[in-house]
1. As a test of reading the structure, rank Asp139, Asp152, Asp127 by solvent-accessible area (1.4 Å probe, protein chains only), most first.
2. Cα centroids of the stretch 143-176 and the stretch 91-130: how far apart, whole angstrom?
3. So, taking all protein chains as they sit and a 1.4 Å probe, how much accessible area belongs to Arg30, in Å² rounded to tens?
4. Which angle between 0 and 90 degrees, to the nearest 10, do you get for helix 115-128 versus the longest principal axis of the chain when only C-alpha atoms count?
5. Once the Cβ-Cβ distance between Val114 and Asn84 is put in as r, and R0 is 25 Å, what FRET efficiency do you end up with, to the nearest 0.05?
6. Collect residues whose amide H, placed 1.01 Å from N in the peptide plane, falls under 5 Å from the amide H of Val46; neighbours closer than 5 in sequence don't count.
7. Could you order Ser178, Ser159 so the one with the most accessible surface comes first? Probe is 1.4 Å.
8. Relative contact order of the chain: what whole-number percent is it, with Cα pairs under 8 angstrom and at least 6 residues apart?
Amino acid sequence: MKKRIFIALVGFLLSIACITTNSIYTFSQRDETRTADCAIVLGAGVNNHVPSAVFRERLNHAIYIYQQGYVGTIILTGGISPGNTISDAEIARRYIVSQGIPDEIVLLEEKSSVTRENLSNAKQIMDSHHLYNALIISDPLHMKRAIIMAKDSNIEAFSSPTQTSQIKSTYALLRFLSRESFYYTGYLVRRVFTVHKISNPA
């Protein structure tokens, strides 16, 4: 009896994992790029005061989005990484300005270390600058979690995944997809408990 219950539980969890993974992959194919008040570029780390390869391609996408006239403001996110003295957002700002982006259209969010903080802090910046909607820029497989977090931060958000992601090999894609499935599921669980706590205060 216990063995059957265990097998059923494992089967259920595997089914949930497959459904979640498929939904993340399907959403990664969606591109909602349109005219918006701003673009929010989600951080992806730096190396020796240079954006990582993954972060750089997100920044390149933001440059393209601005040059095509989709947005007039770019919000760069990322706090100070271990071993650095300036924020990831500032390093990103230096990069896109060196590529011809006007410094005055760039806003920095310099306190975050994870996606949820990237977005909730960016929302505060949006409010203070009267920006009402945003294109969220990240890697395709990151977009489903990023968009739901953006909307939970009360951002009217649209997915604008980079088309030049450095996550290309089959191994890297599967690893990233597995990681996203884990974090996305964890966020949904956390979200349910948060809503329950608000609805049923002690």
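The values are calculated or read from the model by the stated rules, or taken from the named source; none is laboratory data. Worth saying up front: this structure is predicted, and the values here are computed from it rather than measured. Positions of Cβ are backbone-derived with ideal geometry, glycine not excepted, and every protein chain shown enters the neighbour counts. The area values use the complete protein model at the heavy-atom level, side chains included, leaving out ligands, DNA and RNA. Shrake-Rupley method; radii C 1.70, N 1.55, O 1.52, S 1.80 Å.
1. On the way: Asp139 5, Asp152 65, Asp127 85 Å².
Reading off the accessible areas and sorting them downward yields Asp127, Asp152, Asp139.
2. Distance between centres, Cα-based: 17 Å.
3. So the heavy atoms of Arg30 present about 110 Å² to solvent.
4. 40
5. Here the calculated transfer efficiency is 0.90.
6. HN-HN under 5 Å from Val46: Ser52.
7. The residues order as Ser178, Ser159, largest area first.
8. Dividing the mean separation by the residue count of the chain yields 25 percent.
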